[in-house]
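Below is one structure, written out as structure tokens; the observations come after it.
The values are calculated or read from the model by the stated rules, or taken from the named source; none is laboratory data. Every value quoted in this text rests on a predicted model; they were computed, and no experiment measured them. Using ideal geometry, Cβ is built from the backbone for each residue, glycine included, and neighbour counts are taken over all protein chains shown. Heavy atoms of the whole protein, side chains included, go into the accessibility calculation; ligands, DNA and RNA do not. Shrake-Rupley method; radii C 1.70, N 1.55, O 1.52, S 1.80 Å.
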Amino acid sequence: MNGNAQSVRLRRPAPNRWIVLANVSLGTFMSTLDSSIANVALPTMSAELNSPVHLIQWVLTAYLLTICATLPIMGKISDLLGRTRVYQFGFLLFAFGSALCGLSHSLGMLIGSRVVQALGAACLMSNSQAIVAETFAKGDRGRALGIIGTVVSLGSLTGPGIGGILVHHYGWPTIFWINVPIGIVAFVAGLVILPKDSEAKREPFDFAGSGLFIVGMTAFLYTLSNAQDWGWASTATALGGIGSIAVFVLFYYWERKTRYPMLDFGLYRIPAFAVGNLTALLVFAANFFTTVMMPFYMQDVLSMSVESAGYMMMVYPIAMAVVAPLSGFLSDRMGSKLLTTAGLVVTLAGFLCLTTLTAGSPLPLLAFYLALFGLGSGLFQSPNNASIMGAVPPQKLGSAGGLNALARNVGMVLGTSVSVSIYATGLRHYGGGVATPDPHAMMSALRVVFVSGLAVSLLALVVSLRRLKLRT
């Protein structure tokens, strides 16, 4: 392990570290919650703002695109200005953006407000793991990062349920207004409890590199999100893919040439960092095959209500919430290699189980299968995050946290887009092109999705096994 990274482990732990973790967990929960809380409000927003569905989707897309395009940039800024400063600013910006969302009376204002909100979320996401890794410099880092990993999943998966309750009883603006008092209280608390930053570094910021990254990432994710509607073999998809790759190549050469790069590619020469990030991207992509497709199975095949399907989906995050802190605790004592491998094996078993589902599978069996995914994610994520953050020098923790969060978010987009495309293609094939395929056609299409998720998980396991050869 790098000597600088090792020094982080050997420092004395902060006496108020668990209070710091609580503050960071709150910021993490807020930012990930708002990635999904607006989903159930889209029909209501569409009606009240007089906007068609294909435009109202930008309420979600703008938030996700902004986060992915700015995460590494916020991580770099935090390394220059201080992690706590950027994190605290993120609370204020997120609360301000949330208030603007609640006040929005037009789709344009709402989308613009979501961009502001997402910039605040990027400040929070890029620094949460870095602050935890620095604060828990000895002994409990894995357990602390396990709790953060649990909060990420809880925020992402409970968003639709919380959003549905608020929209039903109080209207769609309340899903944004609820963030304002929480953000303000968390900011004030952070002034007292978060670690103080050292002096800002006197280093020029890489504006050219940051601009190229924003353009490339936005073009890539926009193309990926629309490929199903445009057609994967369409001219628009091809041009978007080629254009984004060209920008990324230009970005790479610029970063290698400039003296003060926005993204330090040297981090990827650290084996544990590179393996951990690539594995995380693949794991989140595979898991979103399940997160996106299981509601289709429960509602369209099993004829479950939206509410019942929502409760069933909660099995996943609940199982993970139980396992992840324990997995983090164990990783502090036995390392990450065996635990990450075990988590991926359990996830593979979960996908194998999903391929056996039928149109009459009992609900307890379904709950058990979903619990397997929670168990697998809980075993994998905490040790993987600890391995990533423990492998980098302390002065690079902000950049490392931003890139780790980027891998997670890009994996979610990949999993969503690819699984929906596979399912839609399968329905056309097995359903004979009819508008409403029968349950047997749906099951056949879903099995193709689950087998594809199994293949992605297997690839993640192959990549992750490389860490068995690494020295700790």
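So here's what we get for this one:
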read-out: Which of PHE205, MET442, LEU282, positive extreme of dipole for the chain (C-beta unit charges); value: PHE205
read-out: Point-charge dipole on Cβ atoms (K/R +1, D/E -1) for the chain, about Cα centre, debye to 20; value: 1780 debye
read-out: Convex hull per residue volume in Å³, alpha carbons only, for segment 356-423; value: 103 Å³
read-out: Reduced Cα scattering model of the chain, Debye log10 I(q)/I(0), q = 0.06 Å⁻¹; value: -0.25
read-out: Count of Lys pairs (Cα-Cα under 19 Å; at least 8 positions apart or interchain) in the chain; value: 10
read-out: Spin-label model distance (nm) - GLN57 vs ALA189, 7 Å beyond Cα toward Cβ; value: 3.7 nm
read-out: Residue-span extension gain [GLU203 to ALA22] - 0.36 nm each, minus C-alpha spacing; value: 62.0 nm
read-out: Farthest toward positive dipole pole in segment 14-195 [+1 Lys/Arg, -1 Asp/Glu at C-beta], among LEU124, GLY82, ALA95; value: GLY82
read-out: Scattering profile of segment 304-439 at q = 0.19 Å⁻¹ [log10 I(q)/I(0), Debye over alpha-carbon scatterers]; value: -1.23
read-out: From the C-alpha gyration tensor of segment 365-472, square roots of 5λ in Å; value: 36, 16, 12
read-out: Segment 206-261 - accessible surface per residue (Å², probe 1.4 Å); value: 58 Å²
read-out: Fraction of accessible area attributable to carbon and sulfur, segment 256-342 (%, probe 1.4 Å); value: 65 percent
read-out: Segment 302-342: C-alpha pair distances exceeding 15 Å, %; value: 56 percent
read-out: Inter-label distance for THR44 and HIS429, nm, one decimal - labels placed 7 Å from Cα along Cα-to-Cβ; value: 3.9 nm
read-out: Where N is the number of residues in segment 206-261, Cα Rg divided by 2.2 N^0.38 Å; value: 1.27
read-out: Exposure ranking of VAL24, VAL451 by accessible area [1.4 Å probe, largest first]; value: VAL451, VAL24
